[in-house]
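What follows is calculated from the coordinates using simple rules that are stated; it is not laboratory data. On a predicted model such as this, the values are computed, not experimentally measured, just so you know. Cβ atoms come from the backbone with ideal geometry, glycine included; neighbour counts cover every protein chain shown.
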Amino acid sequence: MINFIKIRVDRILTAIKGMFILIYSEAAIKAQLFFITLFIVLGIYFEISLNEWIIQIFLMGFVLSIESLNTSVEKICDFVHPDFNKKIGIIKDMAAGAVSFAVISSLIILFIIYYPYIFN
């Protein structure tokens, strides 16, 4: 049982390390964190409801997760084939497209949340 707990704690610490690697090394993650900070400030300013906070926090995690997976795909592609390759380029474009789906859907939801606060 002790070994089970130690393994789980080690895996959590490894995951946290991965989060910090992304935050400190990836411009795309830093850009997403800038916009997350902006929406946190807007949420505080407009005093959004608890349910709106829950949705907003979920969207933040969703976008950061997809952006992190995109970064991982790009790193793997660069490792496997460091030179330009059309097929690798398509894979990277598709991973970036996944981020676009996440960002666009999140922005639509955030627009729905903030519209009444901004325009009323």
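When you check ILE48 against the structure, is it of a type in the set (A, V, I, L, M), surrounded by 10 or more Cβ atoms within 10 Å (Cβ to Cβ) and not in a helix (DSSP H, G or I), yes or no? For ILE48, the condition - of a type in the set (A, V, I, L, M), surrounded by 10 or more Cβ atoms within 10 Å (Cβ to Cβ) and not in a helix (DSSP H, G or I) - is met. Quick one: would you say PHE34 is closer than 22 Å to ILE108 by Cα, under 12 Å from the mean Cα position of the chain (by Cα) and surrounded by fewer than 16 Cβ atoms within 10 Å (Cβ to Cβ)? Against the criterion (closer than 22 Å to ILE108 by Cα, under 12 Å from the mean Cα position of the chain (by Cα) and surrounded by fewer than 16 Cβ atoms within 10 Å (Cβ to Cβ)), PHE34 qualifies. Among the conditions (1) under 14 Å from LEU110 (Cα atoms); (2) over 14 Å from the mean Cα position of the chain (by Cα); (3) not charged (D, E, K, R), ILE91 misses just one, which is (1). Look at LYS87 and say whether it is within 20 Å of ALA28 (Cβ to Cβ) and without any contact (Cβ under 8 Å) to a residue 40 or more places away in the chain. Answer is no for this residue. Checked against (1) touching a Gly at 6+ places or on another chain (Cβ under 9 Å); (2) surrounded by fewer than 18 Cβ atoms within 10 Å (Cβ to Cβ), GLN56 passes all but a single condition, namely (2). Among the residues examined, THR71 qualifies as within 18 Å of the chain's Cα centre (by Cα) and over 30 Å from TYR115 (Cβ atoms).
With the requirement that a residue be exposed (fewer than 14 other Cβ atoms within 10 Å of the Cβ) and assigned to a helix (DSSP H, G or I), what does segment 77-95 give you? Scanning segment 77-95 gives ASP78, PHE79, VAL80, LYS86, LYS87, GLY89, ILE90, ASP93, MET94.
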